[in-house]
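Accompanying notes for the structure given below.
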Amino acid sequence: MVDSQDVHQSEQYQVAAFYCFTALQEELIISLLEALPNHAEEVQVRGTVLLATEGINGTICGPSNGVSSLLEVLNGALSSKILEVKFSSTSKQAFRRFKARKKCEIVTMGVTGIDPVKLAGDYVAPTHWNSLVSDPETLVIDTRNEYEISIGTFEGALNPHIDTFRDFPAWVDQNLPQIVKEKKSRRIAMFCTGGIRCEKATSYLLKAGFNDIHHLQGGILKYLEEVPEEESLWNGECFVFDKRVALNHKLLPGVHRLCHACGMPLNPEDRQTSSYVRGVQCLHCEDRYTDKDRERFAERQRQIDERMKKNLDSISGNS
């Protein structure tokens, strides 16, 4: 009999998270939207690629040669820049399908006139990040959402307590001038998962009149890749927007799992609470849904469990 766990561990997939702020013409976007799905199918890659006139953003997963092939297509479409790419691996496919979509923004801030191609802060290499953020005159800001920050962040980083990146500009306008004044900060350093949100945030801050603005190149994922764990200032896990949910410092899937009702990340302790029912509810949403909703969620979970059991039986030869 073949152990299903051994089978999964032997199937290594490469995950690539990438972005690039660069001016894309509408004709090129249309061409890529037509070409990418077919190419992704040919090279057995799944994931999401977002295209806008301000650039490219995405995460894909598949065999390493397939991932490389798709990245070559995307880099080939860029005239003078290349994608900022972060690699990791997983024993299971991280996505259900491949999607290529046109968007107004590759990361949604919802503010007109913000252009990181023309105006952005200074990149900070992961190997230089510790020294910059350890300076007491540096104000460090986590530009991610509240639920992402709740499972991991850098020591001493400021949490804006936002639900989406759209909320970040309003938080800056209402709070940041006073915070900078009170802390007597000489510079601001920002970070996010892969670098895209904090880069766009630097553009907003510079346009708003803030000076000496920096952002972590490649984001948390590149930091975890390049900085040894014994030297790291990172605490916890890094939330990712795929089936892995969160990654540890080795860029491997961590201990968090999603509540399939509300989508919040849950640690093992959260999953031991009396409010937790797998696939149905958790401590974050136990009062949010109706009994009819929970019945629907329970039926969905039952169907998922049945499919998983059939797949495992097929792998182990018990079918």
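Does the stretch 48-63 contain at least one residue that is more than 30 Å from ALA170 (Cβ to Cβ), surrounded by 18 or more Cβ atoms within 10 Å (Cβ to Cβ), outside the structural domain of GLY219 (by TED's automatic domain parsing) and not hydrophobic (A, V, I, L, M, F, W, C)? Steps first, answer last, please.
So in the stretch 48-63, the residues more than 30 Å from ALA170 (Cβ to Cβ) come out as 60-63.
From the residues that got through so far, the ones that are surrounded by 18 or more Cβ atoms within 10 Å (Cβ to Cβ) too are 60-62.
Remaining after also requiring outside the structural domain of GLY219 (by TED's automatic domain parsing): 60-62.
From what is left, the residues that are not hydrophobic (A, V, I, L, M, F, W, C) are 62.
Yes, that holds for at least one residue.
Just checking, which of ARG307, ARG296, ARG300 is out of contact with any helix residue (DSSP H, G or I) (no Cβ under 9 Å at 6 or more places or on another chain), in a helix (DSSP H, G or I), farther than 16 Å from GLU148 by Cα and touching a residue at least 24 places away in the same chain (Cβ under 8 Å)?
Numbers: ARG307 fails: touching a residue at least 24 places away in the same chain (Cβ under 8 Å); ARG296 fails: touching a residue at least 24 places away in the same chain (Cβ under 8 Å).
Of the residues listed, the single one that is out of contact with any helix residue (DSSP H, G or I) (no Cβ under 9 Å at 6 or more places or on another chain), in a helix (DSSP H, G or I), farther than 16 Å from GLU148 by Cα and touching a residue at least 24 places away in the same chain (Cβ under 8 Å) is ARG300.
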Residue under question is LEU283, and the condition is that it be in contact with a strand residue (DSSP E or B) (Cβ under 6 Å, 6 or more places away or on another chain) and more than 22 Å from GLN14 (Cβ to Cβ); does it hold? no
Find all pairs meeting these conditions: Cβ atoms under 6 angstrom apart; at least six residues apart or on different chains; first residue within the stretch 276-290 and in contact (Cβ under 8 Å) with a residue 24 or more places away in the chain; second residue among the aliphatic types (A, V, I, L, M) and assigned to a loop (DSSP other than H, G, I, E, B). HIS284/MET264; CYS285/ALA261
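State yes or no: is PHE154 of a type outside the set (Lys, Arg), in the same structural domain as ARG186 (by TED's automatic domain parsing), in contact (Cβ under 8 Å) with a residue 60 or more places away in the chain and closer than 20 Å to ILE179 by Cβ? If you could, list the steps in order and put the result at the bottom.
Numbers: of a type outside the set (Lys, Arg): yes; in the same structural domain as ARG186 (by TED's automatic domain parsing): yes; in contact (Cβ under 8 Å) with a residue 60 or more places away in the chain: yes; closer than 20 Å to ILE179 by Cβ: yes.
Yes; evaluated as a whole, the condition is true for this residue.
Go through the stretch 69-96 residue by residue and tally those that are assigned to a loop (DSSP other than H, G, I, E, B) and more than 18 Å from GLU199 (Cβ to Cβ).
Within the stretch 69-96, the first condition is being assigned to a loop (DSSP other than H, G, I, E, B), and the residues that meet it are 78-83, 91-96.
Then keep just the ones that are more than 18 Å from GLU199 (Cβ to Cβ); that gives 79, 91-96.
So the answer is 7.
Can you go through GLU182, GLU229, GLU199 and tell me which one is surrounded by fewer than 16 Cβ atoms within 10 Å (Cβ to Cβ) and touching a His at 6+ places or on another chain (Cβ under 6 Å)?
After ruling out the rest, the residue left standing is GLU229.
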Of the residues that make up the stretch 239-247, is at least one charged (D, E, K, R), out of contact with any helix residue (DSSP H, G or I) (no Cβ under 6 Å at 6 or more places or on another chain), over 24 Å from PHE98 (Cβ atoms) and outside the structural domain of PHE87 (by TED's automatic domain parsing)? no
With the condition kept exactly as written, say whether any residue in the stretch 137-144 is surrounded by fewer than 16 Cβ atoms within 10 Å (Cβ to Cβ) and among the hydroxyl-bearing types (Ser, Thr, Tyr). no
Could you list, in sequence order, the residues of the stretch 110-136 that are closer than 20 Å to LEU83 by Cβ, buried (at least 18 other Cβ atoms within 10 Å of the Cβ) and in contact with a Phe, Trp or Tyr (Cβ under 8 Å, 6 or more places away or on another chain)? PRO116, ALA120, PRO126
Sole exception among (1) modelled with pLDDT under 95; (2) touching a strand residue (DSSP E or B) at 6+ places or on another chain (Cβ under 8 Å) for VAL107, by number: (1)
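The values are calculated or read from the model by the stated rules, or taken from the named source; none is laboratory data. Keep in mind that what you see is a predicted model, and the values were worked out from it rather than measured. So basically every Cβ, Gly included, is an ideal-geometry build from the backbone, and we count neighbours across all protein chains shown.
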